[in-house]
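Beneath this line is the structure, given in C-alpha cells, with notes to follow.
A short reminder: the numbers here are calculations on the coordinates, not readings from a lab. This is a predicted model, so every value here is computed, not measured. Because the Cβ atoms are built from the backbone with ideal geometry, glycine has one as well, and the counts that use them run over all protein chains shown.
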Amino acid sequence: MARRDWTTAALLAPAYGWLALAVFLPLGAMLFFSFLKAAPFGTRPLQFTFDNYLAFVRRPYLIDVAWTSIQIGLWTTGLCALVGLPAAIALARATRGRSQQVLFLLIVLPFWTNGLVRVFSWTMVLREGGVLDYALHLVAPSAPAVALLYSFPAIIIGLVHAYLPYMILTCYLSAAAIDDAYIEAARSLGARTPMIFAKIVLPLSLPGLISGAILIFVPVIGSFMEPRILGGRVGVTMGTMIEDQFVQAFNWPLGAALSFTMLAVVLIIFGVSSRALSARFGAQ
Amino acid sequence: MTSHLSRRTFNALLSSALGGGLLATYGSRRARAATTEITVLNWKGYGTDEAFALKAFADATGIAVKHDYFNAEAEMLTKLRTNPGAYDVVLINSARTQQVQADGLIDAIDLAALPNAKDLAAPLRDHPNLQVDGKPYGVAWLWGMTSLAVRHGKVADAQSWAIFSDPKYAGRLALFDDSITQVGIGALLTSQDINNPKDLKAITATLKAMKPNVRLMWSSEDEWNKAFAADAFDISDYWSGAAARSIKLHSLPLDFIVPKEGAIGWLDTLAVPSSSTKKAAALRFINYMIDPKFYVIWATQSGAPASTNTAAMNALPADDLSHKIYKPEDLAKLKFMSALPDDRRQAFNDVWDEVKAFYAK
Amino acid sequence: MIALGRTYLLATIAFLYLPIAVMVAMAFNDSALYTLPIEPSLRWFASLAVNAPLQSATRNSLLIASATSVIATAVGAMAALALERKRFRGRSLLRLLLLPPIAIPWLIIGTAMLVFFFWTGIGRGIHALLIGHVALAIPYVVLIIGAGLQTLRADLEEAAMSLGSTPIHAFFSITLPPLLPSVLAAALFAFAVSLDQFVISYFLSTPGVSTLPVEIYSSIRKGFTPEINAISTIFLGVSSALVLVFAQLSHLGGKRDSR
C-alpha cells in the first residue's frame, strides 16, 4: 500500500507541481487582488473590499452579458457534439488504413493555423460581398445578399469551426478503441445498425464526448476574439467585459473577480453534471 | 504486425529537437551589440519605429534603438511597472502623465537639453497636463483629434455628432471601442466637459440612442481600414493621423470633419522612465523625434498626426493632407483629454460597458 | 451506411477547410486590405522573404511548441495514469483543478503570471514562455489521455501484474501500445496549444524575442497584411508534409488496417 501511494504521488507531482508554480500560485495572487479596491501598484496603501464580487448586483447589465456567454457556450458545444460525434464515428468505422490516417491528419491540421487569421478569414466568407455572397450570386444572381457577419450566428459559426476538431478528436479516440468483437457479437445476435449504434457505439464513445464537451464549453464562455471580430455590436461577452477591465480601466480586481465568478459557475456546472452522468452510466 | 516508430527513435528525434532549440537560443544570446542600445516603448507603427528614422539616427549618433510595443494604455502602465530598467523612452498620452508621475515612474525633463524643443508650440509644450510642480514630465510630441469620418459621396453635409443617431444611417455606424472617447462624444453632444461631465446618465442615454445605427466596434486603425474597405459602414469616429494614412496609403474615400460640437483632442508625449540607465541617449532620441527633418519625411511618406513643432508643421508641403485636416478654425473647437482620477475612469468604463451590453441585446 | 458516413465526413472536412482555403487564397491576392475579387500576386511571399522579425518569430514559435509538446505530454501522461488507474482521496478535486487553466481567460492567467514571475524573480523570457505554455497544455493532455485510458480495460494490466510483471513493465508492454493514439493526439494538441498561444507569450516575452502569434496580434494595430497569410500558408504546407511523414512512421490509425 505504501509503495502504491508513493507511486501515485510521483506520477502526479510533475504535472501538478508545474501547474502550481505557473497557474495556481499566480491565480492565488489574482484572487488576493480581487479583494482589493485597485491594482496594487504604486505607493497607495492597500484597501480591501468585497465590492468586486457584488459586480452582478451593482451592474445588472452583466447578467445579460453572462447569459449571452452561456448561450454561446451551449450552442457551440451542442453543435460541435451534433456535427462532430457522427464525423468521428464515421472516421473510426467507415474508413481504414492510409485513408483513415490522412483524414485524421486533415482534421487536426487546421489547429496549426493561427486562430486570429482563421477568424479573420471567416469575416471574408460571411460578410456582404464576401465569398459566400459572391458564390451565391454566381449561381442565383437575384438572391438576396448574404450578410451573416456581425451577428450571433456568425459568432457561433466561428466558434464551432474553431473547436470542432477538439470534439472530433476526442470522440474519435474513444470510438476507434471500441473492440470489434462487441460489434460482431451484437451482429451475430441479430442486432441492426441503429441498435448497435445506440447500445454499443454511442455509450462507449461517451468519455470522448464528455471530455470534448469540457474542452469546448469551458474556454468558449470566456472567449472574446470571435465575439468581437465576428459579432460586431452583438459580440459582448464575459470575455470582452473582463478584457475591458484589464485593458481599458486597469481595474484588475474587478476583472479578476469576474473571472473567478465565472470559474465558480463552470465548476458548479461540471460538478453537478459529472455527478448526474456517473449516476446514469455507472462509476468509471 | 504493423510497422512502428520505435520508442527509442521517437525519443531521440524529439530530444534532439529540444536540445537543438536550447542551443539556438543560447547561441543568439552571445552575439551582443557593442554600441549603445536604447529601448523604446510605444504603439506599433507610431513614428518611433520608422525604418528610415532608426537608420538615420544610428548613423548620426551610433545609438541603436530597440522597440517593445503595447496595444492599450493600461498595458503601457503594466509594462512600465513590471520592467524597471527595461525602457529608456516611453510614449505617454498627456492625460496619463500625472498618474504615471505620481507612481514615481518617470523623470522631469530639462527642455533646455533638447535643441529642437525651442520650436515647440508653447501651449502644447507647457500644457498643464504635463506639469507637476512647475516641471514638465514629458516632451510634447504629437497631437491629433478624434473626430467624424464619413464615406465620401454617400454622406452629404455632416455637421454634427448627432448624425450618429440619424435614422438615415441605420446600421452604418462604427464606434471606437474606448470608454473615454465615447463618453467624450456623449459629453460633447450634451454640452458637457469631456473630462468632468456632471450628468453621466444623460450621456448614457445619448449613447444608447445610437443603437439602431451601430454596426460594429473598431479598436485599431487596421481594423477600421479593413472594415471600411469592405463597405461595412459609412460613418464613424476616427483619429486624424489614421485618417491621413487611410487616405494616403490606402486611397480610401473618406472625409474627415470637425463637427460643430467640437472634437476630442489628445496630446502624446515622449517621457524618460526614472529607472532608465541610458537617459542621455534617450534624450538624444527624443530630440531627433521632434526634429522637423524626421517629421516631414514621416508625414509625407506615410501620414502622421500633427507635430507639436511649429517649424515641422510649416515645413510640410502646401498640398499635404495635414493642412486639410488641421484647419486653424477647428482648433478652437478642440477639447483636449486631461488626467482622470481612477474612480472617474472607472465610472466612464462602467457607462461604456453598460451601453455595449445594451447594444448587444 | 459506409458511403453515407464517408460523405458526411468529407462534408465536415470541407467545412473545416473553407476559411483555410480563403486564407491561402488571400496570400496570393494583391490587395493589402483583402478586397475581392482576387488579383493574383506573389508580392507577399516576396516581402516575407525579407521580413526577418517574422521569420525569427516563427522559428521561436516552432521551437517552443516542440519543447512544450514533449514536456507536457510526458508530464501529463503520468498524471493521467495516476488519475485514471489509482484510487486515492482527493482524486475528484485534482480532476477539477484541471479546469482553471482552461476556464480562466488567458488574459487573466497571463497578467497573473507576469506579476507573479516578476515578484518571484523568474522574470520574462523564453524560459518563462516555456513554463507558461507547458502549464496551459497540461490540462488538455491529461484530459485526452485520461479519456483514452477510460476506454481501455484496466484489468489487463492487473492480470499481467498478478502474473509477476512489474508495474512499469506492464505499463510499457500492455497499457502504452493501445494508448499510443491518445498520447500522440495529446502531443499534437499540446503543440497546437503552444503554437497558437498569444496572450501568455505576449506578456512573458522580452523585447526583441517574439513568437508568431504575438507578431500577428501586435500587427493588428499597425497593419495585418497578407504577409501573415503567406506565412500561414507556408506553415500549413510544411506541417502537412511533416505530419504525413510522421504518420507513415508511427501509424495513428489504430488497429484497423489488418482488415
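Things to note:
- Computed per residue of chain B from DSSP H runs no shorter than four, each worth -39500 (n - 2.57), the mean residue ellipticity at 222 nm is -12500 deg cm²/dmol.
- For residues of C:127-135, the mean tally of beta carbons on other chains within 10 Å: 3
- In this calculation the C-beta distance from B:I297 to A:A135 is compared with R0 = 41 Å, giving a FRET efficiency of 0.35.
- Among A:V266, C:V75, the order by Cβ neighbours within 10 angstrom, fewest to most, reads A:V266, C:V75.
- Sorted largest first, extent of segment B:289-346 alpha carbons per principal axis (Å): 44, 27, 19
- Three principal axis extents describe the C-alpha atoms of segment C:103-181; from largest down they are 53, 24, 17 Å.
- For B:A280, net neighbour charge (Lys/Arg +1, Asp/Glu -1) across residues whose Cβ lies under 13 Å away: 0
- Per-residue ³J(HN,Hα) for segment C:25-30, Karplus 6.51 cos²θ - 1.76 cosθ + 1.60, θ = phi - 60°, Hz, x for Gly and Pro: 4, 5, 5, 9, 9, 5
- Added length on full extension, which subtracts the Cα-Cα distance from 0.36 nm per residue, C:D30 to C:L242: 73.4 nm
- Rounded FRET efficiency, nearest 0.05, which uses the C-beta distance separating A:D64 from A:L202 and R0 of 60 Å: 0.95
- Take the Cα of A:L82, step 7 Å toward its Cβ, do the same at C:T120, and the gap between the two points is 4.4 nm.
- DSSP beta bridges in the protein assembly as shown [antiparallel fraction, %, rounded to 5]: 60 percent
- Per-residue ellipticity at 222 nm from helix content only, as computed over chain A with -39500 (n - 2.57) for each DSSP H run of at least four residues, stands at -23000 deg cm²/dmol.
- Relative contact order for segment B:227-361, counting Cα pairs under 8 Å that sit 6 or more residues apart, in percent: 31 percent
- Residues C:Y34, B:Y295, A:Y134, sorted so that the one with the fewest Cβ neighbours within 10 Å comes first: A:Y134, C:Y34, B:Y295
- Mean residue ellipticity at 222 nm, helices only, chain C: -24500 deg cm²/dmol; runs of at least 4 DSSP H residues each add -39,500 (n - 2.57), and the sum is divided by the number of residues.
- Arranged from fewest to most other beta-carbon atoms within 10 Å of their beta carbon, B:M76, A:M195 become A:M195, B:M76.
- Scaled to the globular estimate 2.2 N^0.38 Å, the Cα spread of the protein assembly as shown, given as radius of gyration, is 0.98.
- C:T7 versus B:A332: modelled label distance in nm, points set 7 Å from Cα along the beta carbon direction: 7.5 nm
- As a ratio to 2.2 N^0.38 Å, the alpha-carbon radius of gyration computed for segment A:89-163 takes the value 1.42.
- C:A52 paired with C:I234, simple spin-label distance in nm, labels 7 Å along Cα-to-beta-carbon: 1.5 nm
- If you take the alpha carbon atoms of chain B and fit the smallest convex hull around them, that volume is 206 Å³ per residue.
- Loop-located trypsin sites (Lys or Arg not before Pro) in segment B:124-183, at most 13 other Cβ atoms within 10 Å (DSSP): B:K154
- Here B:K44 is the anchor, and the aspartates and glutamates within straight C-alpha reach of less than 19 Å, apart from those fewer than 8 places off in the same chain, are B:D68, B:E73, B:E75, B:D88, B:D177, B:D178, B:E221, B:D222, B:E223, B:D268, C:E215, C:E227.
- Once the Cβ-Cβ distance of B:N196 and C:K86 is raised to the sixth power relative to R0 = 60 Å, the FRET efficiency obtained is 0.45.
- Considering only beta bridges that DSSP places wholly inside chain B, some 60 percent are antiparallel.
- The fraction of Cα-Cα pairs per 10 angstrom bin, counted from 0 for segment A:176-284, comes to 12, 28, 23, 18, 13, 6, 1 percent, rounded to whole percents.
- In summary, the convex hull built on the alpha carbon positions of chain A has an orientation-averaged projected area of 22.8 nm².
- Sites listed here are chymotrypsin sites (Phe, Trp or Tyr not before Pro) in segment A:1-87 whose DSSP assignment is loop and whose Cβ has at most 14 other Cβ atoms within 10 Å: A:F50.
- Relative contact order of chain B, pairs being alpha-carbon contacts under 8 Å that are 6 or more residues apart, as %: 25 percent
- Percent of Cα pairs exceeding the 33 Å cut-off, where the set is chain C: 35 percent
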